[in-house]
Amino acid sequence: MKKDKAIEVLNELPGEFDIEVLIERLIFIEKVEAGLEQIKEGKIIPHEAVKDISQKW
């Protein structure tokens, strides 16, 4: 994660907050950005394949 993004998230929070809230938001953003990068790289499983896999459970 870039420092600018972390500062942006920090600036969106109120004057007082629990540190857990900041950590949760940063982790969430990091995971979403990683997922979007995987999509760009074509590292996805098509919906039909997921349905087939889940039916075998």
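For the reader, a short list of remarks on this structure follows.
- Taking other C-beta atoms within 10 angstrom as a stand-in for reagent exposure, 41, 30 fall in the order 41, 30, fewest first.
- Neighbour counts of other Cβ atoms within 10 Å put 33, 48 in the fewest-to-most order 48, 33.
- Residue separation of residue 24 and residue 54 scaled by 0.36 nm, minus their Cα-Cα distance, works out to 7.9 nm of gained length.
- Surface/4 of the Cα convex hull for the chain, nm²: 5.9 nm²
- For the range 9-57, the dipole from Cβ point charges (+1 on Lys and Arg, -1 on Asp and Glu) about the Cα centre works out to 400 debye, to the nearest 20.
- Calculated [222 nm] ellipticity per residue, helices only, for the chain: -23000 deg cm²/dmol; basis is -39500 (n - 2.57) per DSSP H run with n ≥ 4, divided by all residues, nearest 500.
- Farthest toward positive dipole pole in the chain [+1 Lys/Arg, -1 Asp/Glu at C-beta], among 19, 44, 9: 44
- Proxy reagent accessibility, fewest Cβ within 10 Å first, across 56, 2: 56, 2
- The alpha-carbon of residue 40 sits under 17 angstrom from the alpha-carbons of these aspartates and glutamates, leaving out residues fewer than 8 places away in its chain: 30.
Only the coordinates and a few stated rules stand behind these numbers; no lab work does. Predicted model, so just to flag it, every value in this text is computed and none were measured. So basically every Cβ, Gly included, is an ideal-geometry build from the backbone, and we count neighbours across all protein chains shown.
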